[in-house]
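Data first, discussion second: the structure below is written as structure tokens.
The values are calculated or read from the model by the stated rules, or taken from the named source; none is laboratory data. What you see is a predicted model, and the numbers here were worked out from it, not measured in a lab. Note: ideal-geometry Cβ built from the backbone for every residue, glycine included; neighbour counts use all protein chains shown.
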Ligand SMILES: [Zn+2]
């Protein structure tokens, strides 16, 4: 009788184990059947009432049933664990071939790009690239460039004066002076860099901007040389022939001095908002170096002369790319910078 009970229990327990839908359900079966107060231990106690012969047979049977149920329970438990692991692996799967998020290749600022292009061009024409301090002396920024003490450029409204009497250079021209002081003629140099003016900032004015200064000192340098280099430069930058014109301009450090205009590259000279309908855009001041400037830097104007020009890199970048707000260039705005 007990033997039938045991084998029925075994069959039932095995069915319930294989039908369990969750580890919780499985555990409930284990407690109910194999637990300390479970059915098996109950039967085991009841066996004490059996005759010794019958007890031995039933005991064997009970052990076998217990082992079978425990084995089935372990296997089912492992199945649940394996499924849980697979679910987790699927959820946490990482594709190692995908590019890492957040890392993007950088690019050079458009002003740096145009500066490097111009440097390459002038180096190929035999010019040196010079650097100079951004904090300058009054002598290098003004006096040595023949800018008289009463000249409006010295007005405190345009210049950032420092408490020690020095200033933030208002143009890159002092590097010309430092070049002439350091290198004997003949001299061909350019000097790109930052310049500072105490301006209120708006769409076309910045307190910090980029210039590129150029100078050539030799014997018998003429306006024709100046024009040749300027046209070569502009052709390189705009990647096409550019029509230029010279207008007289007054700058203390050149004599004669010119404003060099280019025919508007946007409209081709027919007139547009960029050129204010004139067909021409004022691009750079230039001229033959004033003999006073040569003399102050220790050169004999009877033996040496030269040309100089100052190019606004910031304005050049704006014209090349049609940028209408100067503030974008120093904004650090990636939406703007990623276009270059
Ligand atoms: Zn135009």
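Going by the structure shown, is residue 325 within 16 Å of the ligand (Cβ to nearest atom) and over 22 Å from residue 188 (Cα atoms)?
So residue 325 does not fit the description; no.
Test residue 220 against the stated conditions and say whether it is at positive phi, assigned to a loop (DSSP other than H, G, I, E, B), at pLDDT 90 or above and more than 16 Å from the ligand (Cβ to nearest atom).
Against the criterion (at positive phi, assigned to a loop (DSSP other than H, G, I, E, B), at pLDDT 90 or above and more than 16 Å from the ligand (Cβ to nearest atom)), residue 220 qualifies.
Of 296, 326, which residue is surrounded by 14 or more Cβ atoms within 10 Å (Cβ to Cβ), within 40 Å of the chain's Cα centre (by Cα), under 19 Å from residue 171 (Cβ atoms) and in contact (Cβ under 8 Å) with a residue 12 or more places away in the chain?
After applying the criteria, what remains is 326.
Going by the conditions given, is residue 307 touching a helix residue (DSSP H, G or I) at 6+ places or on another chain (Cβ under 6 Å), outside any helix (DSSP H, G or I), at pLDDT 90 or above and away from the ligand (no atom under 16 Å from the Cβ)?
Here the answer is yes, as residue 307 does meet what is asked.
Among residues belonging to segment 125-142 that are buried (at least 16 other Cβ atoms within 10 Å of the Cβ) and assigned to a helix (DSSP H, G or I), point out the one that is nearest to the chain's Cα centre (by Cα).
141
Quick one: count up the residues across segment 143-173 that are over 34 Å from the mean Cα position of the chain (by Cα) and touching a residue at least 60 places away in the same chain (Cβ under 8 Å).
Final tally of qualifying residues: 7.
Out of segment 4-45, which residues are over 30 Å from residue 81 (Cβ atoms) and surrounded by 14 or more Cβ atoms within 10 Å (Cβ to Cβ)?
If the condition is that a residue be over 30 Å from residue 81 (Cβ atoms) and surrounded by 14 or more Cβ atoms within 10 Å (Cβ to Cβ), then 5 is the only one that fits.
Of all helices (runs of 4 or more DSSP H) completely enclosed by segment 14-96, which ones contain at least 3 residues that are modelled with pLDDT of 85 or more and over 20 Å from residue 4 (Cβ atoms)?
The helices (runs of 4 or more DSSP H) meeting that bar are 23-34, 52-91.
If only one of 241, 236, 213 is assigned to a loop (DSSP other than H, G, I, E, B) and either within 19 Å of residue 261 (Cα to Cα) or within 27 Å of the chain's Cα centre (by Cα) (or both), which one is it?
241
Are any residues in segment 249-265 within 16 Å of the ligand (Cβ to nearest atom), touching a helix residue (DSSP H, G or I) at 6+ places or on another chain (Cβ under 9 Å) and modelled with pLDDT of 85 or more, and if so, which ones?
Across segment 249-265, the qualifying residue is only 262.
Just one of the numbered conditions (1) more than 30 Å from residue 138 (Cα to Cα); (2) surrounded by fewer than 18 Cβ atoms within 10 Å (Cβ to Cβ); (3) without any contact (Cβ under 8 Å) to a residue 40 or more places away in the chain is not true of residue 264; which one?
Checking residue 264 against (1) more than 30 Å from residue 138 (Cα to Cα); (2) surrounded by fewer than 18 Cβ atoms within 10 Å (Cβ to Cβ); (3) without any contact (Cβ under 8 Å) to a residue 40 or more places away in the chain, the one that fails is (2).
Give me a count of the residues in segment 266-287 that are more than 8 Å from the ligand (Cβ to nearest atom) and touching a helix residue (DSSP H, G or I) at 6+ places or on another chain (Cβ under 7 Å).
Within segment 266-287, residues that are more than 8 Å from the ligand (Cβ to nearest atom) and touching a helix residue (DSSP H, G or I) at 6+ places or on another chain (Cβ under 7 Å) number 1.
What number of residues within segment 98-124 satisfy the criterion of being over 25 Å from residue 195 (Cα atoms) and over 24 Å from the mean Cα position of the chain (by Cα)?
1
Quick one: residue 318 ticks every box in (1) out of contact with any helix residue (DSSP H, G or I) (no Cβ under 8 Å at 6 or more places or on another chain); (2) surrounded by 14 or more Cβ atoms within 10 Å (Cβ to Cβ) except a single one, so which number is it?
Every listed condition holds for residue 318 apart from (1).
Can you tell me which residues in segment 213-235 are in contact with a helix residue (DSSP H, G or I) (Cβ under 8 Å, 6 or more places away or on another chain) and surrounded by 16 or more Cβ atoms within 10 Å (Cβ to Cβ)?
Selection gives 213, 214, 215, 216, 217, 233.
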